[in-house]
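Working notes, beginning with the structure itself.
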Amino acid sequence: AGLGTGGPARIGQSAGLPEAESHRLIREALDLGINLLDTSPAYGGSEALLGGALAGVPRDRYVLATKFPPYQGKTVKQDPQDLMRSLENSLRVMGVDYIDVLQYHGVRPESYREVVDRFQPVAEEARRQGKIGYIGITETAANDPEHRMLEVALAEGLWDTCMIKHGILNQRAAQRVLPLAEEHGVGVFVMASVRRSLRSAEEALATFREMEAQGLLQDLAATPEDPLGLGQVGQPVPSVTRAAYQFAAQSQAVSTVLVGTGNVEHLRQNVADILSPGLSPEQMAYLQRTYGHLAWPT
């Protein structure tokens, strides 16, 4: 598990959580054994909250990943040095000397080449200067659920890490992206395996009703007690969040599954879900058979 500071919760910012409570959440994540923290300048004050919470924590206790947003509105930023300025501001805000992983944030398929050609020389220079350790790239899940950008990117062998939306309702990464990541030795961050679709049984049922209305699912045996219909397999039914996190973590290509929350109890439950026994082969087969055709964007 890694702690994501974006998404709907933004480590408590969306709910107006006091700064001290966000700090407590981050420290709790460290105490639970989470050692990867993912953030971005685009996530409100998340970098500053991380910096405050990590003050005094030994630097070798965590892996810090942040991002460079390469767009200004709908167009790619023009000045290559924007990357270095963004990176140096992230270092200052978080109060660290280096960032383990710098990721291009939400790269769109149609502008992938422009983004890489413009900013990669600056990113490599930042690495030579010791300001970053590794370079990664993240997709834009809502606009690229088929992972078109990453299919091109991973084949080039430029990247140390990538971030994908992967889970029960977005299984297409298993066809091409995850094998490519394994082939090229790329670490995989999984985002949004639960977000806005599978956070609770009620939310899952509402999602499936929407899918049925769009003709994406038919005759699903979903109930409030078993929204995914896993009871058909004839084994104990896990909670919807446990099934979602376990499914996302099952592939050997996956390095970390990001969890995002503003609530300490939710954080503890998310970690317990990921650390619980994995789904059985029969459960995995059912989920792949039932939902494997989907590319759900939220």
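Each residue in the stretch 106-148 was checked for being open to solvent by 40 Å² or more (accessible area, probe 1.4 Å), modelled with pLDDT of 95 or more and among the acidic types (Asp, Glu), and 5 of them qualify. Listed by first and then second residue, the pairs linking a residue in the stretch 146-158 that is at negative phi to a residue that is assigned to a helix (DSSP H, G or I) and among the charged types (D, E, K, R), with Cβ atoms under 7 Å apart and 6 or more places separating them unless they lie on different chains, are GLU146/ARG172. When restricted to residues that are touching a Phe, Trp or Tyr at 6+ places or on another chain (Cβ under 7 Å) and closer than 23 Å to GLN175 by Cβ, the stretch 195-232 contains 4.
If you go through the stretch 111-153 and pick out every residue that is in contact with a Pro (Cβ under 8 Å, 6 or more places away or on another chain) and aromatic (Phe, Trp, Tyr), you end up with 1.
Restricting the stretch 173-194 to residues that are within 20 Å of THR298 (Cβ to Cβ) and buried (at least 19 other Cβ atoms within 10 Å of the Cβ), the residue that is nearest to the chain's Cα centre (by Cα) is MET191. Give the stretch 15-44 a look and list any residue that's over 20 Å from THR138 (Cβ atoms) and in a loop (DSSP other than H, G, I, E, B), or say none. If the condition is that a residue be over 20 Å from THR138 (Cβ atoms) and in a loop (DSSP other than H, G, I, E, B), then ALA15, GLY16, LEU17, PRO18, LEU32, GLY33 are the ones that fit. Residues of the stretch 195-206 being touching a residue at least 40 places away in the same chain (Cβ under 8 Å) and either open to solvent by less than 10 Å² (accessible area, probe 1.4 Å) or within 16 Å of LEU3 (Cβ to Cβ) (or both), which ones? Residues satisfying the conditions are ARG195, SER197, LEU198.
Of the set (1) open to solvent by 20 Å² or more (accessible area, probe 1.4 Å); (2) under 11 Å from SER193 (Cβ atoms); (3) among the charged types (D, E, K, R), all apply to ASP273 but (1).
Residues that are β-branched (Val, Ile, Thr), surrounded by fewer than 15 Cβ atoms within 10 Å (Cβ to Cβ) and touching a residue at least 24 places away in the same chain (Cβ under 8 Å) are absent from the stretch 14-35 altogether. The residues of the stretch 75-95 that are of a type in the set (Val, Ile, Thr) and open to solvent by 20 Å² or more (accessible area, probe 1.4 Å), listed by number, are THR75, VAL93.
Restricting the stretch 225-282 to residues that are assigned to a helix (DSSP H, G or I) and charged (D, E, K, R) leaves a set whose member that is farthest from VAL101 (Cα to Cα) is GLU282. If you go through the stretch 250-266 and pick out every residue that is out of contact with any Leu (no Cβ under 6 Å at 6 or more places or on another chain) and open to solvent by less than 30 Å² (accessible area, probe 1.4 Å), you end up with 4.
Taking the stretch 96-105 as the range and being of a type outside the set (Val, Ile, Thr), touching a residue at least 40 places away in the same chain (Cβ under 8 Å) and open to solvent by less than 30 Å² (accessible area, probe 1.4 Å) as the test, only GLN103 passes. Contact map, the stretch 106-117: residues that are farther than 14 Å from GLU151 by Cβ paired with residues that are open to solvent by less than 10 Å² (accessible area, probe 1.4 Å) and at pLDDT below 95, Cβ distance under 7 Å, separation 6+ or inter-chain. No pairs are found. Being part of a helix (DSSP H, G or I), within 18 Å of PHE119 (Cα to Cα) and among the acidic types (Asp, Glu) is the filter here, so list the residues in the stretch 52-83 that pass it. Selection gives ASP82 alone.
All conditions but one from (1) free of Cβ contacts under 8 Å to residues at least 60 places away in the same chain; (2) under 30 Å from GLN283 (Cβ atoms); (3) of a type in the set (Lys, Arg) apply to ARG172; the one that does not is (1).
The values are calculated or read from the model by the stated rules, or taken from the named source; none is laboratory data. Computed from a predicted model, the values in this text were never measured in an experiment. Using ideal geometry, Cβ is built from the backbone for each residue, glycine included, and neighbour counts are taken over all protein chains shown. The accessibility values were calculated without ligands, DNA or RNA, using every heavy atom of the protein model including side chains. Shrake-Rupley method; radii C 1.70, N 1.55, O 1.52, S 1.80 Å.
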